[in-house]
Amino acid sequence: MSDVCNLAWWQKTIAYEVYPKSFLDTAGQGTGTIAGITARLDYLHSLGVGALWITPCYKSPMVDNGYDVQDYYAIDPSFGTMANMDELIERGREHGIRVVMDLVFNHTSNRCDWFVESSSSRNNDKADWYIWRDAREDGSAPTNWRSIFGGSAWEWCEERGQYYLHTFAKQQPDLNWECPEVRKALFDIANWWANKGVGGFRIDAITYIKKPPAFEDGPIDGEDGLSPIHDATANQAGILDYLHEFKASVRDGRDIFMVGEANGVDAKDLDQWVGDEGVFDMLFEFSHMHVPVGKAEIWCRPVTWKLTDLKRALGASQRATATNGWYPAFFENHDQPRSTVNFFRCDGPLAKKAKVLAAVLLSTRGTPFVYQGEELGYGNATWRSIDEFDDVQTRAQYEFALSEGLDEQAALAACARFSRDNARTPMQWDATRNAGATDGNPWLPVHDDYPTCNVAVQEGDPDSPLLWYRLLAALRTSHTELVAGDWRELLADDERILAFERTLGDRRSVTLANFSDEEAPYDTAVVAGLAPVAESQGPTTAGTLRPLEAVIWG
Ligand code: NOJ
């Protein structure tokens, strides 16, 4: 059993992810700025936020919205200046909020100086900083791997007369972690940012950094004749050696946290990754995110799922971090559709669904990561044409769907359901033009529902998701078991109710969340001796949950 006093600051707080391009524009340019984030620190503070993860705002050609870094030591002018960033870090601290930087270390931009030099010849100082291979005899790519954004994972470079590997877009060449100078350059960057006083790092796509000893074709799984790179390169033996080096160089001796983005790591392997013997403090693994989309994440191949599948995935992660390591709880991030659509198979008001998810997110064991706008209960946006999307992955999924034989309308529907651009539309601050997010031309369409679903409206509505988030944040302070208590699943086989208890000494809470649009009876024994302390739809009746109702008993 943990005690709240023994927990680190980042285990007790709420983390919030900002996608700066869509948060708040202070420059009238259609895209958000760092100054816009600073201007909303009071708002974040009101949500109980203590850690603020900002997706990459380094200098970048923005092929993948900042995940293609050109210069890790510079801020992209579209976001502002390094002085703006220093101010955010400083003012954040005054609000009790520590900035968390996103480290993109699997790859750089192809416009990064390192790659420009590496690609210029076969014998420059950085010749082996990236993954270079000769063509096959017939001139074709070295393997049949498909990049995560579609098409071959290899791109031909005329100057070197070789192919380079890119796990993501061709403008995102993979770094060669085997090269000690590469590792040193990356660790120097992280230390430079840590010395600025940031509170931690989210480390991007970390499971791809170690490549297999031999590069071999994989089984073809689609009409394009390619094989997913993920199956060939994710989570290779030996990866943890590099990451232990990383931890020793950057994390040890500092009061910061590191959370890795780790697609390809199963809950059962979490103990090697987190905790005392692990390499990170927390790991974003995606087993629950895969439930509605399938592990292959091919949007045009629908999967069927039930609530117990989701419960099994969440439960496995809880059990894997029960005594070792810590869990970062999340239902949304900038790569996912909105959770109110993603995790429900029934109709019903989005606000009720958002409150159900929030009850789980803020009372389960782990650090809750809230994604911007999640606290308002957005649904997915309405997409009228593929041209409205501005995302390299969505375009690739669209092309793939067409290659699989879907017509344009069906391919668009798959993108509308699963595209991560659903999470990237401008933040909805108020009912003024462009939801108050920008005076310029927004880079993505503003969500249709912004006149009624926005911060200003919800602040005045006692039943709103926003005020529910604030109530739950406060509950975490008064009910310490919600932060430090053990976790145990209840009603495991129930297909409507997700339920668990938290216990700390003689303190006990029970969360009951009805994910269905039907009344859901339950045995009152699970809440014996407790009283409702948070009710998503007003006074509840013991023994039955209303459709889409969540109640925390304590
Ligand atoms: C994961 C990031 O979250 C995503 O947005 C990005 O496109 C890829 N990694 C590539 O960096």
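Take every Cα pair under 8 Å in segment 416-554 that's 6+ residues apart, average their separations, divide by the length, and report that relative contact order as a whole percent.
15
Starting from the Cα gyration tensor of segment 123-222, take the square roots of the eigenvalues, sort them a ≥ b ≥ c, and report rounded, prolate or oblate (rounded when a/c is under 1.5, otherwise prolate if a/b is larger than b/c, else oblate). Could you put the intermediate results ahead of the total?
Working: a/c = 2.57, a/b = 1.68, b/c = 1.53.
Prolate shape, in that a/c is at least 1.5 and a/b is the bigger ratio.
Percent of Cα-Cα pairs more than 20 Å apart in segment 485-553, please.
20
Rolling a 1.4 Å sphere over the protein heavy atoms, what is the accessible area per residue of the chain, to the nearest Å²?
That works out to 37 Å² for each residue.
Less than 12 Å apart at the alpha-carbon level, and either on another chain or at least 8 residues along: which aspartates and glutamates does that give for residue 126?
Residue 126 reaches 113, 117, 181.
Taking H placed 1.01 Å from N in the peptide plane, check which residues at least 5 places from residue 100 or on another chain put their amide H under 5 Å from its amide H.
Here 52, 53, 54, 199 satisfy the definition.
For segment 334-443, run through the trypsin sites (Lys or Arg not before Pro) and keep only the ones in DSSP coil with at most 15 other Cβ atoms within 10 Å of their Cβ.
Here the trypsin sites (Lys or Arg not before Pro) that fit, given the DSSP loop and packing criteria, are 345, 384.
In whole Hz, with x marking every Gly and Pro, tabulate ³J(HN,Hα) for segment 444-450 from phi via Karplus 6.51 cos²θ - 1.76 cosθ + 1.60, θ = phi - 60°.
Rounded to whole hertz, the list is 10, x, 6, 4, 4, 8, 4.
When the Kirkwood radius is taken over all Cα pairs of the chain, what Stokes-Einstein diffusion coefficient follows at 10 °C and 1.306 mPa s, in µm²/s?
Rounded to a whole number, D works out at 66 µm²/s.
Along Cα→Cβ, 7 Å out, is where each label goes; now give me the distance between the ones at residue 474 and residue 116 in nm to one decimal.
Spacing of the two 7 Å Cα→Cβ label points: 5.5 nm.
As an exercise, identify the trypsin sites (Lys or Arg not before Pro) in segment 3-40 lying in DSSP coil whose Cβ has no more than 15 other Cβ atoms within 10 Å.
none
With a Förster radius of 22 Å, plug the Cβ-Cβ distance of residue 196 and residue 252 into 1/(1 + (r/R0)^6) and report the FRET value to the nearest 0.05.
It comes out at approximately 0.75.
Take every Cα pair under 8 Å in segment 43-184 that's 6+ residues apart, average their separations, divide by the length, and report that relative contact order as a whole percent.
It comes to 20 percent, rounded to a whole number.
Is there a pair in 268/355; 12/196; 268/353 whose C-alpha atoms are over 26 Å apart, and which pairs would that be?
Beyond 26 Å: 268/355; 268/353.
Per residue of segment 542-554, in order, report the coupling 6.51 cos²θ - 1.76 cosθ + 1.60 (Karplus, θ = phi - 60°) as ³J(HN,Hα) in whole Hz, putting x for Gly and Pro.
After applying 6.51 cos²θ - 1.76 cosθ + 1.60, I find 4, x, 9, 9, 6, x, 6, 9, 10, 9, 10, 9, x Hz.
Where nothing but the Cβ of Lys and Arg (+1) and of Asp and Glu (-1) is charged, how large is the charge dipole of the chain around its Cα centre, in debye to the nearest 20?
Details: 51 positive and 83 negative charges, 236 e Å.
Magnitude of the dipole: close to 1140 debye.
At 222 nm, what helix-only mean residue ellipticity would the chain give, in deg cm²/dmol to the nearest 500, using -39500 (n - 2.57) for each DSSP H run of four or more?
When only DSSP H runs of four or more count, the value is -7500 deg cm²/dmol.
Whole-Hz ³J(HN,Hα) for each residue in segment 322-336, computed from phi via Karplus 6.51 cos²θ - 1.76 cosθ + 1.60 with θ = phi - 60°, x for glycine and proline: what do you get?
5, 10, 9, x, 8, 9, x, 7, 7, 10, 9, 7, 6, 9, 10
For segment 140-191 and segment 438-464, what is the centre-to-centre distance using only Cα atoms, to the nearest Å?
Rounded to whole Å, the Cα centres lie 40 Å apart.
Leaving ligands, DNA and RNA out of it, work out the accessible area of residue 184 with a 1.4 Å probe and give it in Å² to the nearest 10.
Only protein atoms counted, so the area is about 120 Å².
Principal axis extents for segment 1-155, Cα atoms only, whole Å, descending order, please.
Between the extreme Cα coordinates on each principal axis of segment 1-155 lie 62, 49, 31 Å.
Please list, in order, the residues from segment 517-538 whose amide nitrogen is less than 20 Å from a point placed 7 Å along the Cα→Cβ vector of residue 347.
So the set is 517-520.
Can you give me the distance in nm between label points at residue 486 and residue 134, each placed 7 Å from the Cα along the Cα-to-Cβ direction?
With each label placed 7 Å out from Cα toward Cβ, I get 6.1 nm.
Classify segment 404-498: rounded, prolate or oblate, from the alpha-carbon gyration tensor (a ≥ b ≥ c, eigenvalue square roots; a/c under 1.5 rounded; otherwise prolate if a/b is larger than b/c)?
On the way: a/c = 2.87, a/b = 1.29, b/c = 2.23.
Note, shape of segment 404-498 comes out oblate.
Taking amide H positions as placed 1.01 Å from N in the peptide plane, with prolines and chain starts having none, which residues 5 or more places from residue 500, or on another chain, fall under 5 Å of its amide H?
Amide H neighbours of residue 500, under 5 Å, 5+ apart: 490, 511.
Report, to the nearest whole %, how much of the accessible area of the chain belongs to carbon and sulfur atoms, 1.4 Å probe, protein only.
Details: 9780 of 20230 Å².
Here it works out to 48 percent.
If amide hydrogens are placed 1.01 Å from N in the peptide plane, which non-local residues have theirs closer than 5 Å to the one on residue 108?
The answer is 175.
Note down the relative contact order for the chain as a percent, whole number, built from C-alpha pairs under 8 angstrom at least six residues apart.
Over the chain, the number comes to 14 percent.
The values are calculated or read from the model by the stated rules, or taken from the named source; none is laboratory data. Note that the coordinates shown come from a computational prediction; the quantities given were computed from them, not determined experimentally. Quick reminder, even Gly has a Cβ in these numbers, built from the backbone with ideal geometry, and neighbours come from all protein chains shown. Areas reflect the complete protein model, heavy atoms only, side chains present, ligands, DNA and RNA absent. Shrake-Rupley method; radii C 1.70, N 1.55, O 1.52, S 1.80 Å.
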